[in-house]
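Trainee: Mind looking over this structure? Questions follow.
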Amino acid sequence: MDLTVNDQTHTLDLPADMPLLWVLRDVLNLTGTKFGCGVAACGACTVLIDGEAARACQVALADVWGPVTTIEGLGTPEAPAALQAAWIRHQVAQCGYCQAGQIMQAAALLAENPAPSDAEIDEGMAGNLCRCGTYSRIRAAIHDAASQMREA
Amino acid sequence: MSRAGKITRRTLLVGSIAIAGGVAFGVWKVRQPVANPLSPPDGVALNPFLIINGDGVTLVSGRAEMGQGAQTTLAAMLAEELDLDWDSVRVIHGPAADAYYNAALLEAGLPLAEYGMRDWQHSVAGAMGQLGKLFGLQITGGSTATRDGYARLRHAGASAREALKAAAAERLGTTPSALRTEGGAVVTADGRRIPYGDLAEAAAQRTPPQVEPRDPSQWKLLGRSLPRPDMQAKATGTAIYGVDIRLPGMKFASPRMSPRLGGTMVSFDPAAAMALPGVEQVLDLGDGVAVVATNSWAAMRGAEAVEIEWGPAPYPPTTEAIFERIEAAFDGRRNSRMRNDGNAARTLDNAAQVIEAEYRLPFLAHSTMEPMNATALYTDDALELWSPNQTPMVQARAAASAVGLRAEQVTVHTPFLGGGFGRRLEADFSVLAARVAREMPGTPVQVVWSREEDMTHDFYRPGIIARMRGAVANGQAQAFEARIAGPSVMHQAGRRMMGLPLAGPDKGHVEGAFDQPYRIPNYRVEGYLADLDIPVGFWRSVGNSHNGFVHECFIDEMALAAGRDPLEFRLDLIRPESAVAYRVLEAVGEMSGWGAPKEPGTGRGVAFTWSFGTPVAEVVEVRDENGRIRITRAWIACDMGRALDPSIVQAQMESGLIYGLSAAVMGEITFADGEVQERNFPDYDALRMHNTPVIETRILENQPRLGGAGEPSTPPSMPALANALYDLTGTRARELPLNRHFDFIL
Ligand code: FES
Ligand code: FES
């Protein structure tokens, strides 16, 4: 089975029903994508599949419908993506465990809506839990990244 | 405070301390203490907090980073004195490599920020010994909270700076006073720069000079909002948490322990699990099983697939029966009477009108974002642990004794914690990893719990029943009596963590109720301990999390009975006890426009709790939207003396409030057939972005002492919300969670 992650294609011999989350974390060692609940209730495992936000804990390997982008593929410490740079400017993370999922969800949101309102951000991000309660800074960082990306 | 203080000095047991949200201890290698525990393979360690090599300066944090920003502020204390450019600051999490062992770090008094020990707590003779025994030796040296870390680290930085200057002076044939420091270098009068790296070797030969740290008026870093050194990694998915440890040849395992906590396993059948692809072994742990596999998914599925018959629970099987047991504690012996001003009983007996109320608060789970886990490698004479934890010494001891080693044979690495909130003070996850690893010597194994296993095997915030009586006359409080019943966290933790039965008055059980700066002429707070074997633990803000609620809701009930405005009523009671607390309360009134008329369809509530050395007042606003309730806004005023990093303080204040509101609105752990019924986030959710209020925080700096930041905003959030709901609806919530009685927009 072929799987493309962050522009790299891997040929894998794994059970077809293995969730993408565990393929990423335990087989490809891409540990940026996190496990929080395994039941689509927290958003910690959010990745992009063909540009669309997906809960990697819910997508079987055989069902992955396009190339996958994870937090590692969005940008790197040396070259962070606009969203990641905004996250750093706004000092969003506390424990940070939920943040990869938050950022990937925000990436999908901005791809669809380059200038979201507060209410639209709230709606788009409602599936992503943060037990540290970093919501106000997440919202501010999304607005900031959105305006940076519009200008770019 | 003074009268409460006197009582406490006589007590034997210092209850829960400010550990849950705040404290943590770094990477830890258990060995004999030595003068300076650091011995970097390349470079020089001038003191236990500092490593200088060719690449620059690395600051060594003795505390784990679980979101609270400890490593940032800790580093800033050193960088301030050392004149380091903040951008160049690197922080490692205690010695990050085996070569950097630091058993002596805390024994030598490393920065131990148990936020919030108050002066009178510091003076409790022998109490620190208790705490030390309880949480590992590390706490003994640093028992003086943030202030101690604060003084100690700034001293360490100042001393290192002067040693570097002295080394440079010697080399240049001048005096240290002719030199200054800047950007990680010693600079001569004519502008020549010698980087610290070139001087470290020589500086390390000198006796560390004793110098006073700089006056705060000279600070360039402390007192400012600094970019956190961990932020970039956390925004790019490169920060390594416990579950991200990957070792060559590592296996994955997942446990399944009795859902009846502490109960036995009667029998099990591994066949269904063994049939799953990726599953390699089902280990019989005696009290449960662990399924070893090639990946976490197979391990978790396998654990679920094992057929197991469990023995009964060692406690009553249902929530109702459990609360009956708690209620029965009122008939037993009183455990404490930590406040007893005037004569509450007589005043209440003679009062024309007595206000009475009973509050019932549920058990709560910590529900950290990263489920419990630890990775272990066992060889016959050593155990290496990668454990996201808050107490490395406790982990080492507990894991060692579980696998028949001595604590000295255990190395504990502490990666980033995906949330702590007190859950990771416990060592059960390290113990499980060690037990699994022992069955497969030489093979590293990551033992990761499913969310269901995590939520149903917590050390819960205890369920509580509080019986309150009060009397008011002429608009003033005459008497306040609180009797609080529930299982004792401290007594349980004492058995669990130090193997010793603690007895005596449990302060933690009544904190947040007996120690508040209210002047009420007849004021009594009593604790009753329920005999219950449900595992209970340190939940963010600990006893304050329930007592803050009952105290502040009942103060509201008394204000109402007195026909007074709840904020004015509090201001009157607090003014004679504490000017610091008064100003906090006054500030929150001003911020929230308390004096101005409310918008139609809204309700407001106020509450105040002094916990972990920091007085915090909060106002919460709720709004009726077509019969459903939205929590719209919240205001926080706090005073921790000095805000060493205002951005981190603000983040912690918001975080603590959201954590509290989440529990108040929807948090509840219930039992049926001896098993916890809430298994995953759909059953035990928390506020999310769309239902979190807009929050405004003001940080005051009137207090002469340093207080904590990680926990003190949690206790007042819950009563402020309940009081706001009363204001809006006229319904008084005396039970949590609030969604039982109110229809929130969630
Ligand atoms: S782990 Fe996938 S949504 Fe929680
Ligand atoms: S930052 Fe800790 S869970 Fe979001």
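Trainee: Filter region B:446-494 down to the residues that are of a type outside the set (D, E, K, R), open to solvent by 10 Å² or more (accessible area, probe 1.4 Å) and assigned to a strand (DSSP E or B) and list them by number.
Mentor: Answer for region B:446-494, where residues must be of a type outside the set (D, E, K, R), open to solvent by 10 Å² or more (accessible area, probe 1.4 Å) and assigned to a strand (DSSP E or B): B:472, B:473, B:476, B:478.
Trainee: Can we say residue A:36 is within 16 Å of ligand 2 (Cβ to nearest atom) and within 9 Å of chain B (Cβ to nearest Cβ)?
Mentor: When the stated conditions are applied, residue A:36 passes them.
Trainee: Residues in region B:640-661: is at least one modelled with pLDDT of 95 or more and either away from chain A (no Cβ under 14 Å) or touching a His at 6+ places or on another chain (Cβ under 9 Å) (or both)?
Mentor: No, every residue in region B:640-661 fails to be modelled with pLDDT of 95 or more and either away from chain A (no Cβ under 14 Å) or touching a His at 6+ places or on another chain (Cβ under 9 Å) (or both).
Trainee: In addition: Give the residue, chosen from B:229, B:255, B:248, that is outside the structural domain of residue B:58 (by TED's automatic domain parsing) and not in a loop (DSSP other than H, G, I, E, B). Before the answer, list the steps.
Mentor: Working: B:229 fails: not in a loop (DSSP other than H, G, I, E, B); B:248 fails: not in a loop (DSSP other than H, G, I, E, B).
Every option except B:255 fails the conditions.
Trainee: Further question: Out of everything in region A:59-109 that is of a type in the set (Phe, Trp, Tyr) and under 30 Å from residue A:14 (Cβ atoms), what residue ends up being nearest to ligand 2 (Cβ to nearest atom)? Steps first, answer last, please.
Mentor: Here is the first cut: in region A:59-109, the ones of a type in the set (Phe, Trp, Tyr) are A:65, A:87, A:97.
Then keep just the ones that are under 30 Å from residue A:14 (Cβ atoms); that gives A:65, A:97.
On the way: A:65: 28, A:97: 5 Å.
That would be A:97.
Trainee: Does region B:351-364 contain at least one residue that is out of contact with any Ser or Thr (no Cβ under 9 Å at 6 or more places or on another chain) and without any contact (Cβ under 8 Å) to a residue 12 or more places away in the chain?
Mentor: Filtering region B:351-364 for residues out of contact with any Ser or Thr (no Cβ under 9 Å at 6 or more places or on another chain) gives B:351-360.
Narrowing further to those that are without any contact (Cβ under 8 Å) to a residue 12 or more places away in the chain: none.
So far as region B:351-364 goes, no, none of its residues is out of contact with any Ser or Thr (no Cβ under 9 Å at 6 or more places or on another chain) and without any contact (Cβ under 8 Å) to a residue 12 or more places away in the chain.
Trainee: Output the residue which, of all residues in region A:28-54 that are within 13 Å of ligand 1 (Cβ to nearest atom), over 10 Å from the mean Cα position of the chain (by Cα) and at positive phi, is surrounded by the fewest Cβ atoms within 10 Å (Cβ to Cβ).
Mentor: If we filter region A:28-54 for residues that are within 13 Å of ligand 1 (Cβ to nearest atom), which is where we start, we get A:33-47, A:53-54.
Now drop any that are not over 10 Å from the mean Cα position of the chain (by Cα), which leaves A:35-42.
Retained after the next criterion (residues that are at positive phi): A:38, A:40.
On the way: A:38: 25, A:40: 15.
Out of the qualifying residues, it is A:40.
Trainee: If residue B:342 satisfies all but one of (1) surrounded by fewer than 18 Cβ atoms within 10 Å (Cβ to Cβ); (2) touching a strand residue (DSSP E or B) at 6+ places or on another chain (Cβ under 9 Å); (3) not assigned by TED's automatic domain parsing to the domain that holds residue B:679, what's the number of the condition it fails?
Mentor: Exception for residue B:342: condition (3).
Trainee: Looking only at region A:55-91, which residues are within 7 Å of chain B (Cβ to nearest Cβ), hydrophobic (A, V, I, L, M, F, W, C) and crowded, with 24+ Cβ neighbours inside 10 Å?
Mentor: Scanning region A:55-91 gives A:71, A:87.
Trainee: Within region B:399-424, can you find the residues that are assigned to a helix (DSSP H, G or I), surrounded by fewer than 24 Cβ atoms within 10 Å (Cβ to Cβ) and either in contact (Cβ under 8 Å) with a residue 12 or more places away in the chain or within 16 Å of the chain's Cα centre (by Cα) (or both)? Steps first, please.
Mentor: Here is the first cut: in region B:399-424, the residues assigned to a helix (DSSP H, G or I) are B:399-403, B:407-409, B:423-424.
Applying the additional criterion that residues be surrounded by fewer than 24 Cβ atoms within 10 Å (Cβ to Cβ) yields B:400-403, B:407-409.
Passing the criteria: B:400, B:402, B:403, B:407, B:408, B:409.
Trainee: Out of curiosity, is residue B:197 at positive phi, touching a residue at least 24 places away in the same chain (Cβ under 8 Å) and more than 14 Å from chain A (Cβ to nearest Cβ)? Show your work before the answer.
Mentor: Details: at positive phi: no; touching a residue at least 24 places away in the same chain (Cβ under 8 Å): yes; more than 14 Å from chain A (Cβ to nearest Cβ): yes.
No: the conditions fail for residue B:197.
Trainee: Looking at B:689, B:666, which one is open to solvent by 20 Å² or more (accessible area, probe 1.4 Å) and within 13 Å of chain A (Cβ to nearest Cβ)? Break it down stepwise before answering.
Mentor: On the way: B:689 fails: open to solvent by 20 Å² or more (accessible area, probe 1.4 Å).
Result: B:666 is the single residue among B:689, B:666 that is open to solvent by 20 Å² or more (accessible area, probe 1.4 Å) and within 13 Å of chain A (Cβ to nearest Cβ).
Trainee: Does region B:335-351 contain at least one residue that is within 28 Å of the chain's Cα centre (by Cα) and at positive phi?
Mentor: From region B:335-351, those within 28 Å of the chain's Cα centre (by Cα) are B:335-339; that's our starting set.
If we keep only those that are at positive phi too, we end up with none.
No - not one qualifying residue is present in region B:335-351.
Trainee: Please identify the pairs in which a residue from region B:246-257 that is more than 10 Å from chain A (Cβ to nearest Cβ) and surrounded by fewer than 24 Cβ atoms within 10 Å (Cβ to Cβ) has its Cβ atom under 9 Å from the Cβ atom of a residue that is among the hydroxyl-bearing types (Ser, Thr, Tyr) and assigned to a strand (DSSP E or B), counting only partners at least 6 apart or on another chain.
Mentor: Sorted first by the residue in region B:246-257, then by its partner, the pairs are B:247/B:375.
Trainee: Quick check, is residue B:587 buried (at least 18 other Cβ atoms within 10 Å of the Cβ), outside any strand (DSSP E or B) and at pLDDT 95 or above?
Mentor: Working: buried (at least 18 other Cβ atoms within 10 Å of the Cβ): yes; outside any strand (DSSP E or B): yes; at pLDDT 95 or above: yes.
Yes, satisfied.
Trainee: Within region A:57-78, is even one residue assigned to a strand (DSSP E or B) and near ligand 1 (Cβ under 7 Å from one of its atoms)?
Mentor: Looking through region A:57-78, none of the residues is assigned to a strand (DSSP E or B) and near ligand 1 (Cβ under 7 Å from one of its atoms).
Trainee: Ok, one more. With open to solvent by 10 Å² or more (accessible area, probe 1.4 Å), part of a helix (DSSP H, G or I) and in contact with a strand residue (DSSP E or B) (Cβ under 8 Å, 6 or more places away or on another chain) as the only criterion, which of B:552, B:557 stands out?
Mentor: Working: B:552 fails: open to solvent by 10 Å² or more (accessible area, probe 1.4 Å).
Every option except B:557 fails the conditions.
Trainee: Give the residues of region B:59-91 that are surrounded by fewer than 24 Cβ atoms within 10 Å (Cβ to Cβ) and part of a loop (DSSP other than H, G, I, E, B), sorted by residue number.
Mentor: Listed by number, the residues that qualify are B:83, B:85, B:89.
Trainee: I'd like the full set of residues that are open to solvent by 40 Å² or more (accessible area, probe 1.4 Å) and of a type outside the set (Ser, Thr, Tyr), limited to region B:177-196.
Mentor: Restricting attention to region B:177-196, the residues satisfying the condition of being open to solvent by 40 Å² or more (accessible area, probe 1.4 Å) are B:177-178, B:180, B:182, B:189-193, B:195.
Across region B:177-196, the qualifying residues are B:178, B:180, B:182, B:189, B:190, B:191, B:192, B:193, B:195.
Trainee: Taking the condition of being closer than 19 Å to residue B:69 by Cβ, away from ligand 1 (no atom under 16 Å from the Cβ) and either more than 9 Å from chain B (Cβ to nearest Cβ) or touching a residue at least 60 places away in the same chain (Cβ under 8 Å) (or both), how many residues in region A:92-122 meet it?
Mentor: Going through region A:92-122 one residue at a time, the tally reaches 0.
Trainee: Moving on to the next point. Which one is nearest to the other protein chains (Cβ to nearest Cβ), of the residues in region B:273-304 that are small (Gly, Ala, Ser), open to solvent by less than 50 Å² (accessible area, probe 1.4 Å) and outside any strand (DSSP E or B)? Show your work before the answer.
Mentor: Of region B:273-304, the ones small (Gly, Ala, Ser) are B:273, B:275, B:278, B:286, B:288, B:290, B:293, B:296, B:298-299, B:302-303.
Still in the list and also open to solvent by less than 50 Å² (accessible area, probe 1.4 Å): B:273, B:278, B:286, B:288, B:290, B:293, B:296, B:298-299, B:302-303.
From what's left, outside any strand (DSSP E or B): B:273, B:278, B:286, B:296, B:298-299, B:302-303.
Working: B:273: 15, B:278: 7, B:286: 27, B:296: 6, B:298: 8, B:299: 9, B:302: 13, B:303: 12 Å.
Once the filter is applied, the top-ranked residue is B:296.
The values are calculated or read from the model by the stated rules, or taken from the named source; none is laboratory data. Bear in mind the structure is a predicted one, so any value in this text is a computation, not a measurement. Ideal geometry is used to build each Cβ from the backbone, glycine not excepted, and the neighbour counts take in all protein chains shown. The area values use the complete protein model at the heavy-atom level, side chains included, leaving out ligands, DNA and RNA. Shrake-Rupley method; radii C 1.70, N 1.55, O 1.52, S 1.80 Å.
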